[in-house]
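Novice: A single structure is presented below for examination.
The values are calculated or read from the model by the stated rules, or taken from the named source; none is laboratory data. What you see is a predicted model, and the numbers here were worked out from it, not measured in a lab. Cβ placement follows ideal geometry from the backbone for every residue including glycine, while neighbour counts extend to all protein chains displayed. For accessibility, only protein heavy atoms count, side chains too; no ligands or nucleic acids. Shrake-Rupley method; radii C 1.70, N 1.55, O 1.52, S 1.80 Å.
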Amino acid sequence: MQRTGWFPDERAYAGEEHLDPAYVTTYDRKSAHDHRDDLAVLQSMGLNADSVVVDLGAGTGSFALAVAPLCRRVIAVDVSPAMLDYIRAGASRQGISNLEVVHAGFLSYEHQGDPADIVYSRNALHHLPDFWKAVALKRVVDILTPGGVLRLHDLVYHVEPEEITQTIEGWLAGAREQPEDGWTRAELETHVREEYSTFSWLHEPLLERAGFEIREATYRPSRTYAAYTCVKR
Ligand SMILES: C[S@@+](CC[C@H](N)C(=O)[O-])C[C@H]1O[C@@H](n2cnc3c(N)ncnc32)[C@H](O)[C@@H]1O
């Protein structure tokens, strides 16, 4: 897509904290995630030693580092230079040599080499408004091989409009007290107010319209997180 005056600056949407090296060093403790389930799902969908994997909005690279020993090539993409420095340091510490980092975003990443077999993205797509989510998802389809897999996690509201207050308040009631331990009420309030999480009943047609078949959708009990396993049609 041509980048003219109406093309957004993805960094401006990325959340200032993600650009802050001090915050980045605290991120893994705050947002710990066990990738074993994702890896098992992806292995059941064909992840193997020959796979090319792209992680969009890779953050500190916890998924990219976990998948690296199981695939041929993994590319961790993020708009935050601080996140990418953190990933490089992790890869070097762990002696991982098949992981590349690319400073780009959903809307600007240009894939090189063999098409991706798998695209992974966790808790990053909500940084874009829905119009740009649609553009981003179409770009994901374009870098995948036919039959390629998208494993997507995000903050998505699996509710009807009349359930919003109850659902959001219920979610916020479980917030952590200390920012080092997880998401505080103030942080979650900022997410709802300023970021672009949308309803599952808008999000899912975006995936389908881009060219994916949704093979599995799961929702956390809070109804504020969803995970999708999708296949390029
Ligand atoms: C909440 S963090 C999630 C990081 C990681 N995927 C995880 O699961 O821990 C969101 C990440 O998305 C990145 N990000 C925000 N907007 C982006 C965009 N348009 N393209 C790519 N990455 C983006 C941020 O810099 C940040 O690293």
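Novice: Of everything in segment 30-65, what is more than 7 Å from the ligand (Cβ to nearest atom) and more than 24 Å from Gln112 (Cβ to Cβ)? Give them in sequence order.
Specialist: Across segment 30-65, the qualifying residues are Lys30, Ala32, Asp34, His35, Arg36, Asp37, Asp38, Leu39, Ala40, Val41, Gln43, Ser44.
Novice: Hey, among Ala68, Ala104, which residue is within 16 Å of the ligand (Cβ to nearest atom), open to solvent by less than 20 Å² (accessible area, probe 1.4 Å) and touching a Leu at 6+ places or on another chain (Cβ under 8 Å)?
Specialist: Ala68
Novice: If you go through segment 98-106 one residue at a time, do you hit one that is farther than 19 Å from Phe7 by Cβ and not aliphatic (A, V, I, L, M)?
Specialist: Scanning segment 98-106 turns up at least one residue that is farther than 19 Å from Phe7 by Cβ and not aliphatic (A, V, I, L, M).
Novice: For segment 92-138, what are the residues that are more than 21 Å from Trp201 (Cα to Cα) and of a type in the set (D, E, K, R)?
Specialist: If the condition is that a residue be more than 21 Å from Trp201 (Cα to Cα) and of a type in the set (D, E, K, R), then Arg93, Glu100, Glu110, Asp114, Asp117 are the ones that fit.
Novice: Against the conditions (1) farther than 24 Å from Val149 by Cα; (2) within 12 Å of the ligand (Cβ to nearest atom); (3) in a loop (DSSP other than H, G, I, E, B); (4) among the small types (Gly, Ala, Ser), where does Gly5 fall short? Just the number, please.
Specialist: All conditions are met except number (2).
Novice: Another one. For segment 199-233, give me each residue that is assigned to a helix (DSSP H, G or I) and acidic (Asp, Glu).
Specialist: Glu204, Glu208
Novice: Inspect segment 31-50 for any residue being surrounded by 14 or more Cβ atoms within 10 Å (Cβ to Cβ), at pLDDT 95 or above and of a type in the set (Ser, Thr, Tyr) and give the result as yes or no.
Specialist: The answer is no, given that none of the residues of segment 31-50 is surrounded by 14 or more Cβ atoms within 10 Å (Cβ to Cβ), at pLDDT 95 or above and of a type in the set (Ser, Thr, Tyr).
Novice: Quick test for you: out of Asn98, Asn123, pick the one residue that is modelled with pLDDT of 95 or more, of a type in the set (S, T, N, Q), near the ligand (Cβ under 9 Å from one of its atoms) and within 27 Å of Gly46 (Cα to Cα).
Specialist: Asn123
Novice: Looking only at segment 193-230, how many residues end up being without any contact (Cβ under 8 Å) to a residue 40 or more places away in the chain and either open to solvent by less than 50 Å² (accessible area, probe 1.4 Å) or in contact with an Asp or Glu (Cβ under 6 Å, 6 or more places away or on another chain) (or both)?
Specialist: 3
Novice: I'd like to check something: does segment 13-26 contain any residue that is more than 15 Å from Arg151 (Cβ to Cβ), surrounded by 16 or more Cβ atoms within 10 Å (Cβ to Cβ) and away from the ligand (no atom under 14 Å from the Cβ)?
Specialist: Checked segment 13-26: no residue is more than 15 Å from Arg151 (Cβ to Cβ), surrounded by 16 or more Cβ atoms within 10 Å (Cβ to Cβ) and away from the ligand (no atom under 14 Å from the Cβ).
Novice: While we're here: Give segment 143-192 a look and list any residue that's touching a residue at least 40 places away in the same chain (Cβ under 8 Å), closer than 21 Å to His127 by Cβ and open to solvent by 50 Å² or more (accessible area, probe 1.4 Å), or say none.
Specialist: Answer for segment 143-192, where residues must be touching a residue at least 40 places away in the same chain (Cβ under 8 Å), closer than 21 Å to His127 by Cβ and open to solvent by 50 Å² or more (accessible area, probe 1.4 Å): His158, Pro179, Trp183.
Novice: Considering only residues that are open to solvent by 10 Å² or more (accessible area, probe 1.4 Å) and more than 9 Å from the ligand (Cβ to nearest atom), look in segment 72-90 and name the one that is farthest from Arg29 (Cα to Cα).
Specialist: Checked segment 72-90; the qualifying residue farthest from Arg29 (Cα to Cα) is Arg72.
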